[in-house]
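Step one of this worksheet: look at the structure below.
The values are calculated or read from the model by the stated rules, or taken from the named source; none is laboratory data. What you are looking at is a predicted structure, and each value in this text was computed from that prediction instead of being measured. Using ideal geometry, Cβ is built from the backbone for each residue, glycine included, and neighbour counts are taken over all protein chains shown. Ligands, DNA and RNA are excluded from the accessible area calculation, which covers all protein heavy atoms including side chains. Shrake-Rupley method; radii C 1.70, N 1.55, O 1.52, S 1.80 Å.
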Amino acid sequence: MKTIKQLFAILAVLVVSFTIIQGQPAIAHAATDDSLAAIQKRGKLVMATSPDYPPYEFQTNQKGKSKVVGMDVSIAKQIAKDLHVKLVIKSMTFDSLLVALETGKADMVMAGMNPTPERRQSVDFSDIYYVGGQDFLVNKDEASKYPNQKSLANQKVGAQTGTLQYNLAKKHIPGVTVKGMDKGADLILALKTHKLVAVGMEKPAAEAYVKNDPSLVAISSTYNLDENSSGSAIAFRKGSDSLVTAVNKSLKDIKQDNLIHKVYLKDAGKYMKVNTANTSMGHYWTYFAKGVQYTLIIAAVSGVIGVVLGVLLALMRLSKVKVFKWLSVSYIEFVRGTPLMVQVLFVYFGVGVIVNLPALISGIIAVSLNSGAYIAEIIRGGIDSVSKGQDEAAQSLGLSRSDIMKSVILPQALKNIWPALGNEFISLIKESSIVSIIGVTDLIYQLNIVRADTYRGVMPVFIAMVLYFIMTFGLTRILNHFEGRMQHD
Amino acid sequence: MTKQAVIEINNVAKQYGKTDVLKDINETVRDGQVICLIGPSGAGKSTLLRCLNRLENPTSGEIKFDGQDITVLSEKELGSIRENMGMVFQSFNLFPNMTVLENLKLAPIKVKHWDDSAAEKVAYDLLERVGLTEKAQAYPASLSGGQQQRVAIARALAMNPKVMLFDEPTSALDPEMVGEVLSVMRELADDGMTMVVVTHEMGFAKQVADEVWFMADGYIQERGTAEELFDHPKTERAKDFIGKIINS
């Protein structure tokens, strides 16, 4: 009965907070017809993209610094120039792009995105700036077996999740099994290991793969498509009319001068050549180093905050004050009962509507709040494991509650829970990788960038695996050292 | 001339749920007295002792320490009472995360706010008194049971208490170690410390106790000198109990 009451209370709190958060953008919408003015006032245009889709957008290594380049970026730069503002690029996974737009994290999304009717329901689109056409990649040694779209009937075909290619294949190839994956690099790997017979892709992206991998060939699709659902357009928040109008004007100028074919695609090709000139992993070590750095920062900061929060929650849970106890139990139950991935998305996009937090901070907050709940339970177990006699002996000496906790109970609890706490820290290093979905450049995120840039599927994964192991193994050594120092018997 | 009352127990009762553990206890402990509390297990001896420094809360009645009713004090106010009442437990309860010296220094530094060197001096004096100076830097886990209990006594004494409470201090010890602990307690009694001891050590009671309280079924059934109680028990319960421990 009590638990049911508690459940209702938690749900009620959620509904209320969600309503508050939802209420916020509605206000913003009503006032968005100043979308253009607002951007010009701020002096910067924020573009969200998923830079693992050459030649549209990808990362390149320039004088040791990685930056996002590609056809879309060149167009965006021209637009920013026309609006007299600075361009700011935010990277995240393709799935997160439209959410970023709706929650005000970005002013526009450019990611070779097709303005499908479904997407039009939630966002506004510019005019179409590029029509690439649709291709399939197949293995060269099977090219005679699969010479055209028709031959793919009843076969396994891959495409990026949430993309037009995915839906097209599903709808138009009879008897096909469409396998969706997040990353282009994963799809290619699946193709080359014959788990798929073909991968659907935009023509320029497919051509880029063929250029860089002699074992692949591209075949044209025979989808009968109107420009509206196959071309690429820029997405905006609904109601950004003034901004869309201004951007369309820029696009018109770009088209008139044929800048895309004459300049932008050629530039992108040059960058891609730089990327693939040397695909040895040593050449990309700065990418991995940055990833390791961010992974360690996130794990370390979240670990410290998690312990502080964990102690606080554990003491609240053991407190005689009912409200504290209830709050702590509710928090722990709720956080443990929802996936970390959802929490990361909620902090970045949900809470982000009220306070605009950068991705790294959002990631650290979400991971800290999450690990605090787990650490709280570990610490509570530790406090319970210290015998009652210790507490009584300390009380009989006249020590205050806080001194008893600080000098007697917690040090002994810490020793008892050290192995469990060590487990939590190690999983923190590994599980913090989930922040890559909001574009934090941790090791997993960097790994995917390297895979996209070098067209190499397995080697970067192996490197990341070794790096993770070195980090966790190092941490284990450090933890063991401290455990040894706490042994007094 | 009767000495001044240090602890007065008036109409104290204690219930756990529906079970009466203590029923209307009325006793006085005077300055310098050594009281031994004996009785069958489940009689309520430990509960009564633990009520004296409020490790247990009596359900009703009052307990006065130096004339002040401690049953009405808050958790915070209790600190000043407890620092004047040392307690020694059956299971020693030394802090395993600290050395012997740190065990002794903790309360004087945290509660009395002594500086480290003053606390250390007192600690060494006490360790000498219980004969364990050479174990100052050892951790409790490396000590024998008898040594641990002597350290526990020294730790309680470090606060310079007015009264010492002992809750079956020798029951968890191997037989060959009982002697060393009792001799420390005997010296303490000889120095005039007021003590309340829950024990089954008849020899010790005969040697040092000013009064022996025989407790059964939540009552103090009988009270007297050790000789009176052990040699000429009046109540049937006491006769039965003393017969059993003599023959065991």
Criterion violated by A:Lys171 - all others in (1) in a helix (DSSP H, G or I); (2) surrounded by 15 or more Cβ atoms within 10 Å (Cβ to Cβ) satisfied: (2)
Qualifying residues in the stretch B:117-138 (those that are more than 16 Å from B:Ala156 (Cα to Cα) and either within 14 Å of chain A (Cβ to nearest Cβ) or touching a residue at least 60 places away in the same chain (Cβ under 8 Å) (or both)) - the one most open to solvent (accessible area, probe 1.4 Å): B:Gln137
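State which residue is surrounded by the fewest Cβ atoms within 10 Å (Cβ to Cβ) when the search covers only the stretch A:59-74 and only residues that are modelled with pLDDT of 90 or more and not aliphatic (A, V, I, L, M).
So in the stretch A:59-74, the residues modelled with pLDDT of 90 or more come out as A:68-74.
Okay, now just the ones that are also not aliphatic (A, V, I, L, M), so A:70, A:72, A:74.
Numbers: A:Gly70: 28, A:Asp72: 29, A:Ser74: 19.
Here the answer is A:Ser74.
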Residue pairs meeting the criteria (Cβ under 8 Å; at least 6 apart or on separate chains; first of a type in the set (Ser, Thr, Tyr), in the stretch A:170-183; second surrounded by 15 or more Cβ atoms within 10 Å (Cβ to Cβ)): A:Thr177/A:Gln155; A:Thr177/A:Lys156; A:Thr177/A:Val157
Set A:Gly422, A:Gly457, A:Gly484, A:Gly474: member being of a type outside the set (Lys, Arg) and either assigned by TED's automatic domain parsing to the domain that holds A:Asp186 or not in a helix (DSSP H, G or I) (or both): A:Gly457
Candidate set from the stretch B:68-83 (those that are within 18 Å of B:Leu49 (Cβ to Cβ) and in a helix (DSSP H, G or I)); member that is farthest from the other protein chains (Cβ to nearest Cβ): B:Thr71
Close pairs from the stretch A:57-78: first under 18 Å from A:Tyr455 (Cα atoms), partner open to solvent by less than 20 Å² (accessible area, probe 1.4 Å) and among the aliphatic types (A, V, I, L, M), Cβ under 6 Å, at least 6 apart: A:Glu57/A:Val73; A:Phe58/A:Ala452; A:Gln59/A:Ile449; A:Thr60/A:Val69; A:Gly70/A:Ala268
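Just to verify a result, which residue in the stretch B:102-116, among those that are in a helix (DSSP H, G or I) and basic (Lys, Arg), is farthest from the other protein chains (Cβ to nearest Cβ)? Steps first, please.
Of the residues in the stretch B:102-116, the ones in a helix (DSSP H, G or I) are B:102-111, B:116.
Those left that are additionally basic (Lys, Arg): B:105, B:110.
Working: B:Lys105: 11, B:Lys110: 5 Å.
Among those residues, the one meeting the criterion is B:Lys105.
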Number of the condition not met by B:Ser41 [criteria: (1) free of Cβ contacts under 8 Å to residues at least 12 places away in the same chain; (2) part of a loop (DSSP other than H, G, I, E, B); (3) within 14 Å of chain A (Cβ to nearest Cβ)]: (3)
Subset of the stretch B:177-225 (residues that are farther than 19 Å from B:Leu52 by Cβ and among the acidic types (Asp, Glu)): B:Glu180, B:Glu187, B:Asp190, B:Asp191, B:Glu201, B:Asp217, B:Glu222
Among (1) acidic (Asp, Glu); (2) crowded, with 20+ Cβ neighbours inside 10 Å; (3) closer than 22 Å to A:Asn278 by Cα - the single one A:Glu202 does not satisfy: (3)
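In this structure, is B:Ala141 at pLDDT 90 or above and either closer than 24 Å to B:Val6 by Cβ or within 14 Å of chain A (Cβ to nearest Cβ) (or both)?
On the way: at pLDDT 90 or above: yes; either closer than 24 Å to B:Val6 by Cβ or within 14 Å of chain A (Cβ to nearest Cβ) (or both): yes.
Yes: the conditions hold for B:Ala141.
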Hey, A:Gly184 open to solvent by 20 Å² or more (accessible area, probe 1.4 Å) and of a type in the set (Gly, Ala, Ser) or not: no
Selection within the stretch B:140-168 - touching a Pro at 6+ places or on another chain (Cβ under 7 Å) and either in contact (Cβ under 8 Å) with a residue 60 or more places away in the chain or open to solvent by 20 Å² or more (accessible area, probe 1.4 Å) (or both): B:Ala141, B:Gln148, B:Gln149, B:Met159
Selected residue (only one of A:Val342, A:Val347, A:Val304 is under 33 Å from the mean Cα position of the chain (by Cα), at pLDDT 95 or above and part of a helix (DSSP H, G or I)): A:Val304
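For the stretch A:147-162, which residues satisfy the criterion of being farther than 16 Å from A:Leu137 by Cα and either open to solvent by less than 10 Å² (accessible area, probe 1.4 Å) or in contact (Cβ under 8 Å) with a residue 40 or more places away in the chain (or both)? Walk me through how you get there before you give the answer.
As a first pass, look at the stretch A:147-162 and keep what is farther than 16 Å from A:Leu137 by Cα: A:154, A:161-162.
Correct list: A:Thr161, A:Gly162.
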Failed item, numbered, when A:Thr116 is tested on (1) among the β-branched types (Val, Ile, Thr); (2) open to solvent by 50 Å² or more (accessible area, probe 1.4 Å); (3) at pLDDT below 90: (2)
Residue within the stretch B:47-57 that is within 14 Å of chain A (Cβ to nearest Cβ) and open to solvent by 60 Å² or more (accessible area, probe 1.4 Å) present: yes
Residues that are open to solvent by 10 Å² or more (accessible area, probe 1.4 Å) and within 7 Å of another protein chain (Cβ to nearest Cβ), drawn from the stretch B:90-101: B:Ser91, B:Asn93, B:Pro96, B:Asn97
Selection within the stretch A:393-406 - part of a helix (DSSP H, G or I), crowded, with 20+ Cβ neighbours inside 10 Å and at the interface with another protein chain (Cβ under 7 Å from one of its Cβ atoms): A:Ala393, A:Gln395, A:Ser396
Residue match in the stretch A:415-422 (condition: under 23 Å from A:Ala314 (Cα atoms), open to solvent by less than 40 Å² (accessible area, probe 1.4 Å) and within 14 Å of another protein chain (Cβ to nearest Cβ)): yes
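Can you go through A:Ile379, A:Ile361, A:Ile434, A:Ile332 and tell me which one is away from every other protein chain (no Cβ under 14 Å), touching a residue at least 40 places away in the same chain (Cβ under 8 Å) and under 16 Å from A:Met92 (Cα atoms)? Break it down into steps so the answer makes sense when it comes.
Details: A:Ile379 fails: under 16 Å from A:Met92 (Cα atoms); A:Ile361 fails: touching a residue at least 40 places away in the same chain (Cβ under 8 Å); A:Ile332 fails: under 16 Å from A:Met92 (Cα atoms).
None of the other options fit; the residue is A:Ile434.
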